[in-house]
Amino acid sequence: MSFLFGPTVDIDIILNGQEARKMVEMKVDDGKKESCYLYYDGETVAGKVNLTLRRPGTKIDHQGIKIEFIGQIELFGDRSNRHEFTSLVRELARTGELSQNTSYDFEFVQVEKPYESYAGTNVCLQYFLRVTVVKRLSNLVKELPLAVHTLARYPETNSSIKMEVGIEDCLHIEFEYNKSKYHLRDVVVGKIYFLLVRIKIKHMEIQINRKETTGSGPNALNENETITKYEIMDGLPVRGESIPIRLFLSGYDLTPTMRDVNKKFSVRYYINLVLVDEEDRRYFKQQEITLFRKAEKQKRTVPNSFPFKSSSPQGTNILTNTSDASEEKSDD
């Protein structure tokens, strides 16, 4: 009856305390989202595997039953190269026979989960449990995806960003953001000052961009995505004018900044300032920011006014000019 094994047995993975465990949505291969149970680094993953015979009285021979906890990075451009950075195995049963519904307890104690789950354009980092019933002809496999979040405390130092950008003898702008590191539900607060304006600016917008890098060296692949953008000025500015910025991050699909994850990929975020003149030429400058997931659950008050600091500018940069309004390149 080996050939009947697949359709006659149901495998269910039940996690301890799953009724009370938080669930988050994760992207799956077809672009849809799936609700997954949420875990953190160091948490024990335990539960029960239930094997249910669809036809009572059926006897199923097997060559062992096991469950694995797997952390895996998959590069979409090379699906054959799936790298497992975490792989733990628990043997549930040795070679034998299934003649009735059976349950097996399992436990992975204080599992190390070093990276946050991520589903991007060209790469996916995922965790899952995999139950395998080993058969002589074909194995029966059931997987349960899990979500993992990495937490961080507020950084000890979080200096403001203050820079000057301009086009020689035409435009001179100074912009300042209140800090360089933000948690995922934070607020970006800043101001932009026009020190010299000799070109006709039509409008100005601010963007949050995500840059996903897979691979390294000449084989590196970069994917840029604009998470959000909105107009902060409409009309011609005058010398001495200032424009306030207040951008709430909680409403957007953001992840923590990831740098050289297992030497496979990186995810970075940038604030991009874009100016468009009356001839639709675009001038822009971007600045990298660091995003992190806040560990403690506490409310932080947002100041009513921007906290100016007397720190000196970090440097003067030239804005990039392109006549094609549909293309932008950063000068970072």
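The values are calculated or read from the model by the stated rules, or taken from the named source; none is laboratory data. The model shown is predicted, which means the values in this text are computed figures rather than measured ones. Heads up, the Cβs are rebuilt from the backbone with ideal geometry, glycines too, and the neighbour counts pull from every protein chain shown. Surface accessibility is based on the protein's heavy atoms, side chains included, excluding ligands, DNA and RNA. Shrake-Rupley method; radii C 1.70, N 1.55, O 1.52, S 1.80 Å.
A few comments on the model shown:
- Residues located in the stretch 230-252, provided they are of a type in the set (D, E, K, R) and modelled with pLDDT of 90 or more: ARG246
- Search result, residues across the stretch 174-191 that are over 22 Å from ALA295 (Cα atoms) and either modelled with pLDDT of 90 or more or not in a strand (DSSP E or B) (or both): GLU176, TYR177, GLY190, LYS191
- From GLY120, GLY77, residue being among the small types (Gly, Ala, Ser), touching an Asp or Glu at 6+ places or on another chain (Cβ under 7 Å) and closer than 30 Å to SER266 by Cβ: GLY120
- Filtering the stretch 94-108 to residues that are open to solvent by less than 80 Å² (accessible area, probe 1.4 Å), touching a Lys or Arg at 6+ places or on another chain (Cβ under 9 Å) and at pLDDT below 95 leaves LEU98, SER99.
- VAL111 meets the conditions (1) open to solvent by less than 50 Å² (accessible area, probe 1.4 Å); (2) in a loop (DSSP other than H, G, I, E, B); (3) under 20 Å from MET26 (Cα atoms) in every case but one. The failed one is (3).
- For the stretch 51-64, taking the residues that are out of contact with any helix residue (DSSP H, G or I) (no Cβ under 9 Å at 6 or more places or on another chain) and open to solvent by less than 40 Å² (accessible area, probe 1.4 Å), the one that is farthest from ARG21 (Cα to Cα) is identified as GLY64.
- Residues (open to solvent by 20 Å² or more (accessible area, probe 1.4 Å) and either part of a loop (DSSP other than H, G, I, E, B) or over 24 Å from GLY17 (Cα atoms) (or both)) located in the stretch 114-134: PRO114, TYR115, ALA119, GLY120, THR121, ASN122, VAL134
- Top-ranked residue in the stretch 65-85 [being part of a loop (DSSP other than H, G, I, E, B) and either in contact with a strand residue (DSSP E or B) (Cβ under 7 Å, 6 or more places away or on another chain) or among the hydroxyl-bearing types (Ser, Thr, Tyr) (or both); ranked as most open to solvent (accessible area, probe 1.4 Å)]: SER80
- Among the residues here, SER312 qualifies as farther than 25 Å from ARG185 by Cβ and either at pLDDT 85 or above or over 24 Å from the mean Cα position of the chain (by Cα) (or both).
- Residue ID - modelled with the lowest pLDDT, chosen from residues in the stretch 25-48 that are surrounded by 15 or more Cβ atoms within 10 Å (Cβ to Cβ) and touching a Ser or Thr at 6+ places or on another chain (Cβ under 7 Å): MET26
- Filter result (in a strand (DSSP E or B), among the charged types (D, E, K, R) and out of contact with any Ser or Thr (no Cβ under 8 Å at 6 or more places or on another chain)) within the stretch 143-173: GLU143
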